[in-house]
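Participant: Below is a structure I'd like to ask you about.
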Amino acid sequence: MSKMDIQQFDHVHTPFKLGRPVMQGSGITGNFDSQAVDCPFVFAHQDCFYMMYVGFDGIGYQTALATSSNLLDWEHKAMILPRLKKDERWDHVGAAGSWLLLESNGLYDLPRLKKIDNRYWLMYHAYPDKGYEAGGAVMGLAWTEDENLLEWHRLDQPVFTYQGGAAWEKAGLYKCCVIEQEGQYWMFYNAKRDDEWPWNEETGLAFSNDLIHWERYERNPVLEVKEGSFFSQFISDPCIKHDGRQWVNFAFGFDGNHAQGALAVSSDLKVWNCGEQPLIPHGAQGEQELDEIHAHKSSVIYWNGVLYHFYCASRHYRSGDQTKLEVFEGRFEFRCITVATSSPTNE
C-alpha cells in the first residue's frame, strides 16, 4: 500500500462541521436510545430523506429510522429492529442496522433503496451478550415489502459469522457495506482479531450471489492497520462509493486514543490505498468540541451540489448532556450523530 495524500481528493473533503448534533439519544430510561445513538446510514426514499441509525440503552443496540427534508433537521420516526422477546434467537440482545441495499453505488447519485424480489433488504449485526458491544457479533439479513419501511422480517439464522474465518477476524464482526459489482454482491466488513482489549480491527471482503451464502476473498484483509499511523489499531466501518474515476471508501481509523474519518481509494475494490491524514479529524482537545474524542462511522450523500458527510461524534460527558455512555469502566462520553459538509450551511 503506497502513500497517499488526501489533499488531492478535494471533491470528497467536507471541512465545514455543523458543530451540533443532528440526532442524539433521548436520555429517557427505558427508551432504546437512552444512552447514545450511533451508526448513521442516510438515503432518499419517497419524498424525503431517511436516516437509519442505532440506539443504545445499556443492554444492546436497536435500530430506528429518522426523517428530514433538508438533511440538517431530523425527526425520529420509528424503531424498525427492536429487541426481541425470544431469548432463544441468536439476535435477541439487539440488532444494529449496518447497510441497506441501494440502486446505485455512485457518489453523486441520490442513494435510493433497491428492490430484489419485490423486497428491500437490510444487513445488520448482533452481539451475543448484554452490554456495550459485548462478545463476538455476527451478521443477519432482514427484508420488507412495506413502502413505509416500518415492518421488517428477519431471517432465522445469521448469514455471515466469524466462525471458520481467518485469524484476523476470529473474535467477531462489525459493520458492513454491500455493493453490487460484476454480477455479484460484494460485502466489505470489519472484524476483530482478539477478545481482550486492546484488539485490532481490519477490513475484509466476501462475495455472494444471493445475500445469504458468502465466500471470503482469499487475500483478506483488504485494509490493514499500519503502525505509527492514525489507523494503527483499527481501519473499520467501510462506506464505499464510486466517484466516476475510482472507488472511494469513507472508513475510519483508530490509534488507541482517537477514531477519525479515513479515506481509502481503489480501482478494483481489492487493492486499496489509505490516506496518510484523516479525512475527518477529531476536534480540538480541551475545547469541548462535539467530536473531541472520536469522529467516525461515516455515511455520505450528495445533494444540491453539496456533499454531506454524516458521522458519529464523541466527546467527554459533561453536566447537562442529554445522554451519558460508559464505553470503558469509569469513562463516560456524550455520543451523537452530526454532519460535515463540503460548503457552508446557512446555520
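Participant: Scanning for something surrounded by 15 or more Cβ atoms within 10 Å (Cβ to Cβ), out of contact with any Pro (no Cβ under 8 Å at 6 or more places or on another chain) and of a type in the set (D, E, K, R), does segment 19-34 turn up at least one residue?
Facilitator: There is at least one residue in segment 19-34 that is surrounded by 15 or more Cβ atoms within 10 Å (Cβ to Cβ), out of contact with any Pro (no Cβ under 8 Å at 6 or more places or on another chain) and of a type in the set (D, E, K, R).
Participant: Can you pull out the residues in segment 103-126 that are hydrophobic (A, V, I, L, M, F, W, C) and surrounded by fewer than 22 Cβ atoms within 10 Å (Cβ to Cβ)?
Facilitator: 107, 110, 113, 116, 121
Participant: Ok, one more. Any residue in segment 266-284 that's among the basic types (Lys, Arg): show its pairings with residues that are part of a loop (DSSP other than H, G, I, E, B) at Cβ separation under 8 Å, as long as the two are six or more apart or on different chains.
Facilitator: Partner pairs satisfying both residue conditions: 270/217; 270/219; 270/222.
Participant: Given (1) more than 22 Å from residue 102 (Cα to Cα); (2) touching a Ser or Thr at 6+ places or on another chain (Cβ under 6 Å), identify the lone condition not met by residue 307.
Facilitator: Condition (1) is where residue 307 drops out.
Participant: Which one of 267, 314 is crowded, with 22+ Cβ neighbours inside 10 Å, modelled with pLDDT of 95 or more and among the small types (Gly, Ala, Ser)?
Facilitator: Just one listed residue meets the conditions, 314.
Participant: So, one more: Out of the strands (runs of 3 or more DSSP E) lying entirely within segment 239-347, which hold 2 or more residues that are among the charged types (D, E, K, R)?
Facilitator: Answer list for segment 239-347: 331-341.
Participant: Here is a further query. If I go through segment 127-152 residue by residue, how many of them are touching a residue at least 60 places away in the same chain (Cβ under 8 Å), surrounded by 15 or more Cβ atoms within 10 Å (Cβ to Cβ) and among the small types (Gly, Ala, Ser)?
Facilitator: Qualifying residue count for the region: 1.
Condition check ((1) of a type in the set (A, V, I, L, M); (2) modelled with pLDDT under 95) across all residues:
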{"position": "118", "(1), (2)": "no, no"}
{"position": "154", "(1), (2)": "no, no"}
{"position": "163", "(1), (2)": "no, yes"}
{"position": "173", "(1), (2)": "yes, no"}
{"position": "178", "(1), (2)": "yes, no"}
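Participant: Just one of the numbered conditions (1) within 15 Å of residue 41 (Cα to Cα); (2) crowded, with 18+ Cβ neighbours inside 10 Å is not true of residue 162; which one?
Facilitator: Result: residue 162 passes all but (1).
Rundown of residues vs (1) among the aliphatic types (A, V, I, L, M); (2) without any contact (Cβ under 8 Å) to a residue 40 or more places away in the chain; (3) within 23 Å of residue 89 (Cβ to Cβ), yes/no style:
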position: 170; (1), (2), (3): no, yes, no
position: 182; (1), (2), (3): no, yes, no
position: 188; (1), (2), (3): no, no, no
position: 195; (1), (2), (3): no, no, yes
position: 212; (1), (2), (3): yes, no, yes
position: 219; (1), (2), (3): no, no, no
position: 229; (1), (2), (3): no, no, no
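Participant: Which of (1) closer than 16 Å to residue 236 by Cβ; (2) surrounded by fewer than 21 Cβ atoms within 10 Å (Cβ to Cβ) does residue 261 not meet, given it meets every other one?
Facilitator: Failing condition for residue 261: (2).
Participant: Could you list, ordered by first residue, the pairs with Cβ atoms under 7 Å in which the first is in segment 59-85 and without any contact (Cβ under 8 Å) to a residue 24 or more places away in the chain and over 20 Å from residue 36 (Cβ atoms) and the second is in a strand (DSSP E or B) and of a type in the set (Lys, Arg), at least 6 apart or interchain?
Facilitator: What qualifies is 67/77.
Participant: Further question on the same structure: Tell me yes or no: at least one residue of segment 77-97 is over 26 Å from residue 190 (Cβ atoms) and at pLDDT 95 or above. Give the derivation first.
Facilitator: Residues of segment 77-97 that are over 26 Å from residue 190 (Cβ atoms), as a first pass: 77-78, 85-88.
Filter again for at pLDDT 95 or above, leaving 77-78.
There is at least one residue in segment 77-97 that is over 26 Å from residue 190 (Cβ atoms) and at pLDDT 95 or above.
Participant: Here is a follow-up. For residue 55, are the conditions met, namely being touching an Asp or Glu at 6+ places or on another chain (Cβ under 6 Å), surrounded by 21 or more Cβ atoms within 10 Å (Cβ to Cβ) and modelled with pLDDT of 95 or more?
Facilitator: In short, yes.
Participant: Another question, if that's okay. Check off (1) surrounded by fewer than 20 Cβ atoms within 10 Å (Cβ to Cβ); (2) within 30 Å of residue 220 (Cα to Cα); (3) among the acidic types (Asp, Glu) for residue 38 and give me the number that stays unchecked.
Facilitator: Unmet condition: (1).
The values are calculated or read from the model by the stated rules, or taken from the named source; none is laboratory data. Values in this document were obtained by computation on a predicted structure and should not be read as measured data. So basically every Cβ, Gly included, is an ideal-geometry build from the backbone, and we count neighbours across all protein chains shown.
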